[in-house]
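The values are calculated or read from the model by the stated rules, or taken from the named source; none is laboratory data. What you see is a predicted model, and the numbers here were worked out from it, not measured in a lab. Note that we place each Cβ from the backbone using ideal geometry, even for glycine, and neighbour counts take in every protein chain shown. The area values use the complete protein model at the heavy-atom level, side chains included, leaving out ligands, DNA and RNA. Shrake-Rupley method; radii C 1.70, N 1.55, O 1.52, S 1.80 Å.
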Number of protein chains: 2
Amino acid sequence: MNDFSELSVREFLAALASSAPTPGGGTAAAIGGAMGAALAEMVAGLTLAREKFAPVHGVMRSLSEEALRAREDFLVLAREDSEAYDAVVAARRLAKETEAERDARAHAIESAGRLATEVPMRTARTAARLLAQLPELVEKGNPNALSDAGAAALMLSAAADGALLNVGINLPGISDAAFVEDMRRESAAIQAETRRLSALVLAEVAKRM
Amino acid sequence: MNDFSELSVREFLAALASSAPTPGGGTAAAIGGAMGAALAEMVAGLTLAREKFAPVHGVMRSLSEEALRAREDFLVLAREDSEAYDAVVAARRLAKETEAERDARAHAIESAGRLATEVPMRTARTAARLLAQLPELVEKGNPNALSDAGAAALMLSAAADGALLNVGINLPGISDAAFVEDMRRESAAIQAETRRLSALVLAEVAKRM
């Protein structure tokens with residue numbers, strides 16, 4: 001069962017705490033991202049609810065839509081992350097008696113490993129993309145919800161960094177050097193960008209509080 | 001309805017995204033903390049499951065128990081945070097026609113505001129206390145779960161910082177200067193400590209990955 005979105009919050013947390021291979025950090029990162037997206041949507045909604053913020057309603061509507069899409073994407077990624085890791089575990093358990101079996105197993109491990117890297121990379125990208133909108137949300141959004149906008153940035157940033165840890169831990173098992181190099185380069189770029197953006201958002205929040 | 005732990009993950013996220021005053025950033029911070037605690041528990045469990053880590057099983061057992069307690073505390077805090085904010089909203093809506101009514105309302109706002117500050121401060125303390133155990137979890141825990149230990153630190157750190165934003169946004173409404181000063185001092189101390197600890201954990205994770 002990898003569709004964690006239908007578990008109760010309490011059950012999901014118990015599943016995360018258990019020693020079963022999934023759900024793990026990649027799924028937690030995606031759910032953290034979904035919380036960040038939900039908070040961004042709330043802040044945009046609280047801005048749209050007040051006539052006095054009418055001049056920024058256009059921006060807030062598109063921000064709200066983007067946050068909703070990200071929330072839905074994160075829920076899919078939470079499931080896919082666990083599926084990808086389950087496939088890695090299954091590949092490692094394949095028979096390795098004959099040469100043909102060993103070949104097939106190495107192949108299965110490589111392709112499962114790639115997927116277990118690509119899924120958290122998509123989580124990290126989704127988090128970074130929404131985080132890039134948050135300076136505008138803080139600047140133009142309802143100031144009563146400042147702390148919520150800040151909490152959204154913290155969650156999205158933790159989601160991106162947590163997902164990138166899952167990218168990093170899977171890379172040593174992948175033999176395609178060009179793929180590994182691309183992933184490392186993109187990881188470093190996203191990490192630098194989320195660090196910059198979350199510091200910017202939190203400084204803006206602190207200034208206005 | 002403030003017992004979010006019984007909602008499905010999907011429903012909880014929808015409630016967070018809605019423009020209703022609660023749940024908001026304080027509740028999201030507590031749930032983020034619960035995810036961090038759950039991941040720490042998983043890493044300890046994956047260490048306890050292997051005989052070769054027997055020399056550290058004693059440490060892992062106490063870490064696992066502390067993480068479980070924190071997870072349960074965070075779920076209570078998630079509910080209490082929303083209850084406290086609902087009380088602030090209710091206090092602001094009290095009648096203010098007569099002098100007696102205005103006095104009663106000011107009193108209610110003050111005490112609701114204090115509670116809405118104390119609850120996220122407890123969330124921040126719980127997150128910081130567990131985060132302080134994570135360097136040992138990374139150092140002695142099952143290295144296969146390194147990225148999960150790192151993700152736990154990221155979640156606990158976001159939980160502490162997010163909760164402290166909720167402390168900060170409520171302080172200007174509180175007239176008791178000594179209380180405000182105590183809260184500001186403790187916020188700064190926790191923030192410095194979580195920054196130090198999460199940087200330490202992530203550096204250790206990076207070194208071992």
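Expressed as a whole percent, the accessible area of chain A that falls on carbon and sulfur atoms is 52 (1.4 Å probe).
Protein heavy-atom accessible surface, 1.4 Å probe, per residue over the range A:43-90: 47 Å².
Span-like helix check, chain A: qualifying full DSSP H segments, with Cα axial length of 27 Å or more and mean Kyte-Doolittle of -0.5 or more, are A:25-48, A:57-92, A:99-131, A:146-170, A:177-208.
Spatially, the range A:1-26 and the range B:119-177 are offset by 21 Å when compared through their Cα centroids. What are the distances, in nm and sorted shortest first, from the label point of A:Ser175 to the label points of the same position in each other copy, with each label point placed 7 Å from Cα along the Cα-to-Cβ direction? Relative to the other copies, A:Ser175 has label-point distances of 7.5 nm. To confirm my reading of the symmetry, which residue of chain A has the Cβ nearest the axis that brings A onto B, and what whole-Å distance does it have? Nearest-to-axis residue on chain A, with distance in whole Å, is A:Ala158, 2.
Other residues within the sphere of radius under 15 Å centred on the Cβ of B:Arg61, judged by their own Cβ, net out at -2 (K and R +1, D and E -1). Once you have the Kirkwood Rh of the range B:4-108 from its Cα pairs, apply Stokes-Einstein at 4 °C and 1.567 mPa s and quote D in µm²/s. Answer from the Stokes-Einstein relation: 79 µm²/s. In nanometres and ascending order, the distances from the A:Glu97 label point to those of the other copies are 8.9 (point 7 Å from Cα along Cα→Cβ).
A helix-only calculation puts chain B at -28000 deg cm²/dmol for mean residue ellipticity at 222 nm, using -39500 (n - 2.57) for each DSSP H run of at least four residues, averaged over all residues.
Taken residue by residue and averaged, Cβ atoms of other chains lying within 10 Å of the Cβ of B:163-171 number 5.
Based on Cα atoms of the protein assembly as shown, Rg over Rh with Rh as the Kirkwood radius reads 1.01. Cα-based radius of gyration for the range B:114-168, normalised by 2.2 N^0.38 Å, reads 1.30. Mean partner shielding of peptide A:19-28, defined as the number of other chain Cβ atoms within 10 Å of each residue Cβ, is 6. Accessible surface area normalised per residue over the range B:95-209 is 45 Å², counting heavy atoms of protein chains with a 1.4 Å rolling probe.
Legend: residues in the range A:126-149 shielded by at least 30 square angstrom of accessible surface upon adding the remaining protein chains to the isolated chain (1.4 Å probe, heavy atoms) are A:Ser147. Per-residue packing, averaged as other Cβ atoms within 10 Å, sorts the ranges B:31-44, A:37-50 into the order B:31-44, A:37-50, beginning with the highest. Placing a label point 7 Å from Cα along the Cα-to-Cβ direction at A:Arg195 gives distances to the equivalent points in the other copies of 1.4 nm, listed shortest first. With the largest listed first and rounded to whole Å, the semi-axes of the equivalent ellipsoid of the range B:74-130 from the Cα gyration tensor are 29, 10, 5. Run down the lysines and flag those whose C-alpha is under 18 Å from the C-alpha of B:Lys207, throwing out any fewer than 8 positions away in its chain. Partners within reach: B:Lys140.
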